[in-house]
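Undergrad: Shown below is the structure under consideration.
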């Protein structure tokens, strides 16, 4: 250890290790006060968990029962509603904006409801491929290739000549 050997100045140690001189000065003071154990690496644990695993399990059961059972007007769970349930049931405040990460960490997923037309009729949609699509495909296979458009074919002169056949004349 370079500090204990005393062969290099703190400035030289800082250049050698690639840190600031203030860091080396802080390390030297820690070495004097706490010895080598004071310089040992310590994990940064961050703030303690707000809810323990038992609370997350209970929250999961509460959410599974539904939003109406939790006292809301509709069955839709939002981050605001989940935050309100956590505060009411556990006395822990989460801002809704920062609730998504802990929810994901405990196995919850963000789900957005699909937007659907109010007029949508699932029974009609289920029958359509069987009835209408088959009829359309059969009509296309048996088609004669004629076009019944009101527009005539364009020619180089810009005037369309009526084609001979039924309806010509």
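The values are calculated or read from the model by the stated rules, or taken from the named source; none is laboratory data. Given the structure is predicted, the values throughout are model-derived calculations rather than measurements. Cβ sites come from the backbone with ideal geometry, for glycine too, and all protein chains shown count toward neighbours.
Undergrad: Answer yes or no as to whether residue 97 is closer than 30 Å to residue 58 by Cα, at pLDDT 75 or above and assigned to a helix (DSSP H, G or I).
TA: Judged against the criteria, residue 97 is a match.
Undergrad: Is one or more of the residues making up the stretch 108-115 surrounded by 10 or more Cβ atoms within 10 Å (Cβ to Cβ) and at pLDDT 75 or above?
TA: yes
Undergrad: Here is a follow-up. From 46, 18, 38, grab the single residue that is at negative phi and within 43 Å of the chain's Cα centre (by Cα).
TA: Within the list 46, 18, 38, the selection yields 38.
Undergrad: Report the residue count in the stretch 36-95 for those that are closer than 30 Å to residue 24 by Cβ, surrounded by 12 or more Cβ atoms within 10 Å (Cβ to Cβ) and out of contact with any helix residue (DSSP H, G or I) (no Cβ under 8 Å at 6 or more places or on another chain).
TA: Total satisfying the criteria: 0.
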